[in-house]
Amino acid sequence: MIVKLILVKVVPGRRDEFIRQQRVWNDVMSRQPGFLGVQVATDPQSPEDITIMVAMESREALERFMKGSHDNVERQTSMKSLYSSLKVQVLDVVDSVGTTEQVRVDLAASRSGKGHPVAVLSELYRVSAILRVGVQAGLFEAVDAGGTALTALAARCGTAPEHLRRLVEGLASFDLLALEDETVRIRPAAVRYLRRGSPEYLGDLVLHNTRPALWKRWAELGEQLGLPVREEEGHERFILAMKGIARAGQVEALLRVLDLRGRRRLLDIGGAEASYTVALCQRYPELQGVVLDLAATEPLARADLEEAGLGERVRFIAGDYRQQLPSGDFDVILLSNILRGEKRGEAAALVRRAANSLSPGGLLIVQDLFVGEPRGTGPLLAALFGLHLPEAMNGSVSEVSALLQEAGLTSVRVQPLDGYVVADQVITAVRPA
Ligand SMILES: C[S@@+](CC[C@H](N)C(=O)[O-])C[C@H]1O[C@@H](n2cnc3c(N)ncnc32)[C@H](O)[C@@H]1O
């Protein structure tokens with residue numbers, strides 16, 4: 001094990017912002033293969049001193065991080081203006097405790113607000129599903145000890161590289177595999193427990209515990225327990241789920257990083273029941289809103305707009321954002337949790353449409369959950385998102401930023417969202433005057 005010790009002198013008055021940005025580093029580092037732990041310590045007697053200790057399995061693991069995600073997260077956080085000096089030491093720890101055969105489940109509460117761990121818990125069945133598929137497909141045996149090119153591995157497993165990539169990204173997000181420079185590597189926990197032939201092989205247990213007959217009974221757990229369960233699926237439940245995320249902290253997280261003073265006309269594309277539009281109009285009294293969503297959403301949106309007393313200031317337009325956007329001189333457009341579920345070509349076309357609907361100087365805001373960079377580093381929810389829909393874009397910050405630039409937008413800015421529930425970052429960009 002090695003420990004990287006970073007002694008920071010922050011610029012006076014910037015300590016809280018430094019710590020906020022450091023959380024993004026912690027978040028990214030915690031998903032690197034070989035990560036063991038991080039501590040950030042402050043000294044009440046000396047508020048400008050911060051000590052950061054990062055523990056990794058080996059120097060190689062640290063070097064992989066430095067060559068991989070380090071520069072991306074440095075660009076995203078732009079911490080250089082927040083400290084006046086930085087001293088770094090890398091220490092070898094001779095007697096380490098613990099094991100490197102760890103499986104990571106990305107539930108760390110420090111990453112976000114209170115709602116996020118509950119959102120993760122609601123999706124953990126997906127972890128079981130991809131673990132099952134990995135074992136069933138013989139993936140852990142198919143990876144060579146020194147790593148296998150993703151395309152070769154896809155051929156070995158008999159599937160398309162783009163499909164295998166998503167599965168590998170999912171398994172990498174809890175550290176059973178790693179994806180580095182298009183090469184898939186097997187991680188220690190998978191070598192020990194999931195590679196057939198290992199004396200401690202647990203693959204049969206995985207298959208037994210996830211067998212369809214048992215799975216079905218768990219899907220009907222309420223009935224098994226004699227509990228009255230109502231199954232309500234469909235559009236209304238989906239929109240209520242979006243409303244829940246918004247109100248459990250996502251709206252506040254977004255509001256904290258935006259400054260819409262002086263802006264007048266907002267278009268919220270796929271704005272659902274209008275939680276974000278309502279909050280923005282309440283915060284900025286000069287803002288008028290238009291919410292575009294499917295006709296099926298209209299009753300819920302209208303009810304919430306009336307309840308908020310915004311029936312006059314916000315218009316709901318039923319339509320299809322894949323076809324066209326409402327006309328209007330919008331000086332701010334929101335795409336919240338829209339792009340990651342679209343196919344790449346559809347996402348690019350939608351961004352172009354949005355850019356063309358902005359007035360000169362207008363602001364495009366993309367709030368979303370982004371996969372880590374390089375891909376295969378989680379976060380868990382992003383790695384699992386849409387795995388059953390491999391054509392969904394599920395983009396990284398760089399990929400989405402590139403779409404904005406290709407649409408002619410400038411001043412691209414990425415901000416982490418503190419206290420998020422699902423969407424972890426926001427990208428803003430401006431239509432040139
Ligand atoms: C993932 S939800 C995001 C909702 C909201 N923006 C948020 O962040 O909570 C996607 C929204 O887009 C809407 N939607 C999906 N396809 C659409 C389309 N083709 N045209 C307009 N709205 C659409 C859905 O009804 C839903 O409200």
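The values are calculated or read from the model by the stated rules, or taken from the named source; none is laboratory data. Keep in mind the model is a prediction, meaning the values are calculated, not measured. Glycine also receives a Cβ, built like all others from the backbone with ideal geometry; neighbour counts cover every protein chain displayed. Protein only, heavy atoms only, side chains kept; ligands, DNA and RNA dropped before computing areas. Shrake-Rupley method; radii C 1.70, N 1.55, O 1.52, S 1.80 Å.
Just a few scattered comments:
- A prolate overall shape is assigned to segment 307-433, the ratio a/c of its alpha-carbon gyration tensor axes (a ≥ b ≥ c) being 1.5 or greater and a/b exceeding b/c.
- Full extension of the chain segment joining Ala41 with Arg237 gains 66.2 nm, where the gain is 0.36 nm per residue of separation less the Cα-Cα distance.
- Note that segment 157-260 presents 57 Å² accessible area per residue, ligands and nucleic acids not counted, probe 1.4 Å.
- J(HN,Hα) series, segment 204-209, from Karplus relation 6.51 cos²θ - 1.76 cosθ + 1.60, nearest Hz, glycine and proline x: 5, 5, 4, 5, 5, 5
- Selection from Met242, Asn356, Gly34 lying farthest towards where the dipole of the chain points positive, charges on Cβ: Asn356
- Taken over segment 173-213, the alpha-carbon convex hull comes to 89 cubic angstrom per residue.
- Shape of the chain, Cα gyration tensor, a/c cut at 1.5: oblate
- Built amide H within the under 5 Å cut-off of Gln288, gap 5+: Arg265, Leu266
- With all protein chains in place and a 1.4 Å probe, the accessible surface of segment 287-433 carries 49 percent carbon and sulfur.
- Share, in percent, of DSSP beta bridges within the chain that are antiparallel, nearest 5: 65 percent
- Alpha carbon convex hull of segment 1-146, volume per residue in cubic angstrom: 149 Å³
- Extension gain (nm, one decimal) between Gln282 and Asp71, 0.36 nm per residue minus Cα-Cα: 72.2 nm
- Fully extended contour minus Cα-Cα distance, from Glu60 to Ser327, at 0.36 nm per residue: 90.7 nm
- Enclosing the Cα atoms of segment 182-268 in their convex hull gives a volume equal to 265 cubic angstrom per residue.
- Efficiency of FRET from Cβ geometry, Leu91 and Arg413, R₀ 45 Å, rounded to 0.05: 0.80
- Accessible surface of segment 128-209, 1.4 Å probe: 54 percent of it comes from carbon and sulfur atoms.
- Check: segment 194-342 dipole with +1 on Lys, Arg Cβ and -1 on Asp, Glu Cβ, in debye: 480 debye
- Rg/Rh ratio calculated on Cα atoms of segment 155-307 (Kirkwood radius): 1.14
- Quotient of the Cα radius of gyration of segment 354-407 and 2.2 N^0.38 Å, N being its number of residues: 1.33.
- By average C-beta atoms within 10 angstrom, highest first, the peptides 308-317, 417-426: 417-426, 308-317
- Helical content alone sets the calculated 222 nm signal of the chain at -10500 deg cm²/dmol, taking -39,500 (n - 2.57) per DSSP H segment of four or more residues and averaging over every residue.
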